[in-house]
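Undergrad: To start, I am sharing the structure in question, which I have written as structure tokens.
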2 protein chains.
Amino acid sequence: MRSNSVQTSSNPTFTESARRTQIMKCAIEVLAESGYSGASLAEIARRAGISKSVVLYYFSGKDDLLSSVVFDVYGRAGQAITEALSHEASPGEKIAAYVRTNLHFLEEHPADIRAVVEIVSNARGSDGTHSFVPQGEDPVLAHFEQLLREGQDGGEFREFDPHHLAIIIRSAIDTASGRLVADPSFDLAAYTRELLSVVELATGIHRSEESS
Amino acid sequence: MRSNSVQTSSNPTFTESARRTQIMKCAIEVLAESGYSGASLAEIARRAGISKSVVLYYFSGKDDLLSSVVFDVYGRAGQAITEALSHEASPGEKIAAYVRTNLHFLEEHPADIRAVVEIVSNARGSDGTHSFVPQGEDPVLAHFEQLLREGQDGGEFREFDPHHLAIIIRSAIDTASGRLVADPSFDLAAYTRELLSVVELATGIHRSEESS
DNA sequence: CTATGATTAGACCATGCGGTCAAACAGTGT
DNA sequence: ACACTGTTTGACCGCATGGTCTAATCATAG
């Protein structure tokens, strides 16, 4: 992954970086609107108003383009989350901030998330196995699981299975992007509120103002 | 949807019903193993040891085949859930049974669920919109939401938003099929246990033996 | 002006797709 | 023997895909 036809390393031309971001942006749009199967190189190029060859001039192939999109979006989302978590002290606050920031990023960049979901859940190698889904250990999930574990070790939380609870909460986060496109009336703010209270109840966090 | 080339109504020949179920079974296998894009008519036919034309002889097209698979699996799953719910009286018990039965069906028929997920999340019409995802109202979700609402109206539950809580819990159910294929060490029984306790906490169900 | 490298368009290609079609095969009643 | 229906095959078609290649364009340095 991550290899270009034109040299990427030293001298990214103005045109090159501009074209790359433009093509990635169009790819995201097409992926979000028409899904994985609708995101052909021809369609992406048409959207960008350029020839199909240009796409393959700046990306070594479709795999490279999709990898770059995933890498870019993951990077930006991860940065936002890391930044948000740094402002919180207690594990309980960190977890709430984690959930809030994830859904906030989705609210501001719905197409980006949809595109990544389309790629991750559909891109497969020639052997038929997923190209982006980590087989053994998912670092994103492991990170969140660690957050839960820290709160539990600090005695702040109730007894629960951090691994499986992490899966449950992350699924609630990940499903939101699908809801957002399927249901125009979906209220993301209300969903965030509900999910946050569920997370509080599920972790059994000790908060003075929350105990009923 | 649901139209065949050969007459389906009155006289389903022995060969016909046998072939149809065989083809659907192979389609499910291929979908579960190789995903939507890997599930070509040629591959399904190869798996069944028959010619591609036979598939199109018993199904009017690929859409018909995939529709039939979704219809079949949904029917069997729905039947199992309805049956399980009929044995429970209180809303709290019904909801627990709902979650348990969903995950139990997944445990016994993982390929069927994977296949349906692949179809539902990937099949799109010529206009690019999803073919199986209901745009406005999802009956599956609405049914579960109604269960939550009944428990709430009965005063058995805490205050929560039934619609959004239904989405959260269903997402936890739906994510399990993906985990099952991505992580061979995934412990579905432990996951079910954890999810059931989260559901209890989230609904705030009043149970004598559960209050801490 | 010219040479050079970056950039672009468009023709082209092999492959795989869903689907059609005519012909052959198998059984069964007459 | 015949016809008839159900069943199966393999050749074939039109189309879209990801990708290659050649030639033309553009900018800029000499």
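The values are calculated or read from the model by the stated rules, or taken from the named source; none is laboratory data. In this text, all values refer to a predicted model and were calculated from it rather than measured experimentally. Using ideal geometry, Cβ is built from the backbone for each residue, glycine included, and neighbour counts are taken over all protein chains shown. Ligands, DNA and RNA are stripped out before the accessible areas are found, and what is left, the full protein with its side chains, is counted by its heavy atoms. Shrake-Rupley method; radii C 1.70, N 1.55, O 1.52, S 1.80 Å.
Undergrad: Just name the residue that is nearest to DNA strand C (Cβ to nearest atom) out of those in region A:46-60 that are under 14 Å from A:VAL30 (Cα atoms) and charged (D, E, K, R).
TA: A:ARG46
Undergrad: Being of a type in the set (A, V, I, L, M, F, W, C), farther than 22 Å from B:PHE14 by Cβ and modelled with pLDDT of 95 or more, is that true of even one residue in region B:44-52?
TA: Pass one, region B:44-52, residues of a type in the set (A, V, I, L, M, F, W, C): B:44-45, B:48, B:50.
From what is left, the residues that are farther than 22 Å from B:PHE14 by Cβ are none.
The answer is no; no qualifying residue exists.
Undergrad: Could you tell me whether B:SER126 is away from DNA strand D (no atom under 16 Å from the Cβ) and modelled with pLDDT under 95?
TA: Details: away from DNA strand D (no atom under 16 Å from the Cβ): no; modelled with pLDDT under 95: yes.
When the stated conditions are applied, B:SER126 does not pass them.
Undergrad: Please determine whether any residue of region A:111-131 is facing chain B (nearest Cβ under 8 Å) and among the aliphatic types (A, V, I, L, M). Full working, then the answer.
TA: Going through region A:111-131, the residues facing chain B (nearest Cβ under 8 Å) turn out to be A:121-122, A:124, A:128, A:130.
Adding the requirement that they be among the aliphatic types (A, V, I, L, M) leaves none.
Scanning region A:111-131, I find no residue that is facing chain B (nearest Cβ under 8 Å) and among the aliphatic types (A, V, I, L, M), so the answer is no.
Undergrad: In region B:6-28, what count of residues is obtained for those that are within 13 Å of DNA strand C (Cβ to nearest atom) and modelled with pLDDT under 95?
TA: So the answer is 4.
Undergrad: A further question on this structure: Filter region A:46-66 for residues that are within 9 Å of DNA strand D (Cβ to nearest atom) and either touching a residue at least 24 places away in the same chain (Cβ under 8 Å) or touching a Ser or Thr at 6+ places or on another chain (Cβ under 7 Å) (or both) and give the result.
TA: Selection gives A:VAL55, A:LEU56, A:TYR57, A:PHE59, A:SER60, A:ASP63, A:ASP64, A:LEU65.
Undergrad: I'd like the full set of residues that are at the interface with chain B (Cβ under 9 Å from one of its Cβ atoms), in contact (Cβ under 8 Å) with a residue 24 or more places away in the chain and open to solvent by 30 Å² or more (accessible area, probe 1.4 Å), limited to region A:138-169. Walk me through how you get there before you give the answer.
TA: If we filter region A:138-169 for residues that are at the interface with chain B (Cβ under 9 Å from one of its Cβ atoms), which is where we start, we get A:138, A:158, A:160-161, A:163-165, A:167-169.
Next, only the ones that are in contact (Cβ under 8 Å) with a residue 24 or more places away in the chain stay: A:158, A:160, A:165, A:167-169.
Hit for region A:138-169 is A:ARG158, nothing else.
Undergrad: Further question on the same structure: Return the residues of region B:139-177 that are of a type in the set (Asp, Glu) and farther than 19 Å from B:GLY78 by Cβ; say none if nothing qualifies.
TA: Matches in region B:139-177: B:ASP153, B:GLU156, B:GLU159, B:ASP161.
Undergrad: Given (1) open to solvent by less than 40 Å² (accessible area, probe 1.4 Å); (2) out of contact with any strand residue (DSSP E or B) (no Cβ under 9 Å at 6 or more places or on another chain), where does B:VAL120 come up short, assuming only one miss?
TA: (2)
Undergrad: For region B:81-114, give me each residue that is of a type in the set (S, T, N, Q), at pLDDT 95 or above and open to solvent by less than 50 Å² (accessible area, probe 1.4 Å). Can you show your working first?
TA: If we filter region B:81-114 for residues that are of a type in the set (S, T, N, Q), which is where we start, we get B:82, B:86, B:90, B:101-102.
Those left that are additionally at pLDDT 95 or above: B:82, B:86, B:101-102.
Within region B:81-114, B:THR101, B:ASN102 qualify.
Undergrad: Identify, from the list B:LEU41, B:LEU31, the residue that is within 16 Å of DNA strand C (Cβ to nearest atom), open to solvent by less than 70 Å² (accessible area, probe 1.4 Å) and either within 14 Å of another protein chain (Cβ to nearest Cβ) or more than 23 Å from the chain's Cα centre (by Cα) (or both).
TA: Only one candidate qualifies: B:LEU31.
Undergrad: Of all residues in region A:70-117, count the ones that are under 18 Å from A:VAL30 (Cα atoms) and among the acidic types (Asp, Glu).
TA: 3
Undergrad: Can you tell me which residue is farthest from the other protein chains (Cβ to nearest Cβ) among those in region B:182-196 that are crowded, with 19+ Cβ neighbours inside 10 Å and of a type outside the set (Asp, Glu)? Before the answer, list the steps.
TA: First pass over region B:182-196, keeping only residues crowded, with 19+ Cβ neighbours inside 10 Å: B:191-192, B:194-195.
Cutting the leftovers down to of a type outside the set (Asp, Glu) gives us B:191-192, B:195.
Details: B:TYR191: 5, B:THR192: 9, B:LEU195: 6 Å.
Among them, the one singled out is B:THR192.
Undergrad: Could you list all residues from region B:38-76 that are within 13 Å of B:VAL117 (Cα to Cα) and polar (S, T, N, Q)?
TA: Once the filter is applied, which keeps residues that are within 13 Å of B:VAL117 (Cα to Cα) and polar (S, T, N, Q), region B:38-76 yields only B:SER67.
Undergrad: Any residue in region B:171-183 that is touching a residue at least 24 places away in the same chain (Cβ under 8 Å) and within 18 Å of A:TYR191 (Cα to Cα) sitting within a Cβ distance under 8 Å of a residue that is open to solvent by less than 40 Å² (accessible area, probe 1.4 Å) and among the small types (Gly, Ala, Ser)? List the pairs, counting only those 6 or more apart or interchain.
TA: Sorted first by the residue in region B:171-183, then by its partner, the pairs are B:ALA172/A:SER171; B:ALA172/A:ALA172; B:ASP174/A:SER171.
Undergrad: Give the residues of region A:156-207 that are among the polar types (S, T, N, Q) and either modelled with pLDDT under 95 or not in a helix (DSSP H, G or I) (or both), sorted by residue number.
TA: A:SER185, the sole residue that qualifies.
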